[in-house]
Amino acid sequence: MTGFLDKAYTARDAASTRALYDDWAASYEAEVAENGYATPGRCADALKSHVSDVSSPILDFGCGTGLSGLALKLAGFEVIDGVDLSTEMLDGARAKGAYRHLDQIEAGSALPRQGYAAMAAIGVIGAGAAPIDVLHTLMRALPKRGKLVFSFNDHALEDPANQQGVSEWTDCGAAHLLFKEHGDHLPGIDLKSTVYVLEKA
């Protein structure tokens with residue numbers, strides 16, 4: 001079953017992306033679960049290994065229906081806030097009970113809340129989803145020594161602009177790469193992802 005997965009990796013504008021994810025919300029979890037969605041757990045574990053205080057609030061950017069929030073909660077994070085473009089997806093996240101606050105955002109808008117020492121953008125950046133600008137927005141919002149976990153699936157890795165976005169932070173020493181690992185994303189369709197953890201210098 002790949003009804004929406006077939007459409008998810010095609011580039012589109014923000015309004016079309018929101019419409020796709022609103023329409024996908026009801027069947028999203030079944031579709032990704034059937035294909036063994038592994039990236040949320042991998043990201044949560046990677047972030048946990050580099051964060052000393054799991055009681056400090058973290059932001060789940062592009063939280064979708066809340067699968068990433070559940071993974072973060074399972075890894076031990078205690079206070080999780082989520083933001084997403086799609087109201088339908090946020091309804092699914094709300095039902096999980098894993099979040100303290102959930103906010104709808106517009107593409108390119110400022111974060112509704114500040115002060116997070118750790119953030120996650122799990123399965124968010126790439127063709128058909130959010131642009132690499134999201135990485136810069138989140139990194140700028142982090143305090144010194146703040147951590148960001150994010151992932152690029154194989155489609156996102158094909159676009160050199162995404163890796164270049166990471167290099168813009170690491171090459172000049174504005175951030176340090178703490179973790180990078182290529183592994184399962186959606187094994188059911190033989191798609192992998194690279195998980196990264198950056199620390200702001």
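Here, each number is a calculation from the coordinates, and none is a lab measurement. Since this is a predicted model, take the numbers as computed values, not measurements. Here the Cβ positions follow ideal geometry from the backbone for every residue, glycine too, while neighbour counts run over all protein chains shown.
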>> Under the rule of at least 5 residues apart or a separate chain, name every residue whose amide H is placed under 5 Å from the amide H of PHE179.
In response: VAL197
> Using the beta-carbon distance between ALA127 and THR170 and R0 = 30 Å, what value does 1/(1 + (r/R0)^6) give for FRET efficiency, to the nearest 0.05?
Replying inline: 0.85
> Which distance in Å, rounded to a whole number, links the C-alpha centroids of the range 48-65 and the range 90-111?
Replying inline: 14 Å
> For the chain, modelled as a GNM with alpha-carbon contacts under 10 angstrom, which of THR65, THR39, THR87 fluctuates the most?
Replying inline: THR87
> Using unit Cβ charges (K, R positive; D, E negative) and no other charged atoms, how large, in debye to the nearest 20, is the dipole of the chain about its Cα centre?
Replying inline: 760 debye
> Hey, if you put +1 on the Cβ of every Lys and Arg and -1 on every Asp and Glu Cβ in the chain, which of GLY62, GLY115, ILE80 ends up farthest toward the positive end of that dipole?
Replying inline: GLY115
> What do you get for Rg/Rh of the chain when both radii come from the Cα atoms and Rh is the Kirkwood radius?
Replying inline: 0.92
> Can you give the % of DSSP beta bridges in the range 5-200 that are antiparallel, to the nearest 5?
Replying inline: 50 percent
>> To make sure I understand, if each residue's beta carbon is the centre and we count other beta carbons within 10 Å, what order do GLU181, GLU199, GLU106, GLU168 fall in, fewest to most?
In response: GLU106, GLU181, GLU168, GLU199
>> Below 8 Å between Cα atoms, with a sequence gap of 6+, how large is the relative contact order for the chain in percent?
In response: 23 percent
> Which aspartates and glutamates have a Cα lying under 16 Å from the Cα of LYS73, excluding residues fewer than 8 positions away in the same chain?
Replying inline: ASP45, ASP53, ASP60, ASP81
> Got a sec to turn the phi values of the range 171-187 into Karplus ³J(HN,Hα) couplings, 6.51 cos²θ - 1.76 cosθ + 1.60 with θ = phi - 60°, whole Hz, x for Gly and Pro?
Replying inline: 5, 9, x, 6, 8, 10, 7, 8, 7, 8, 8, 8, x, 5, 10, 10, x
>> I need the calculated FRET efficiency for the pair LYS180 and ALA110, taking r as the beta carbon distance and R₀ as 35 Å, to the nearest 0.05.
In response: 0.80
>> Could you give each residue of the range 101-110 its phi-based ³J(HN,Hα) in whole Hz, using Karplus coefficients 6.51, -1.76, 1.60 with θ = phi - 60°, and x for Gly or Pro?
In response: 10, 10, 10, 7, 10, 9, 4, x, 7, 5
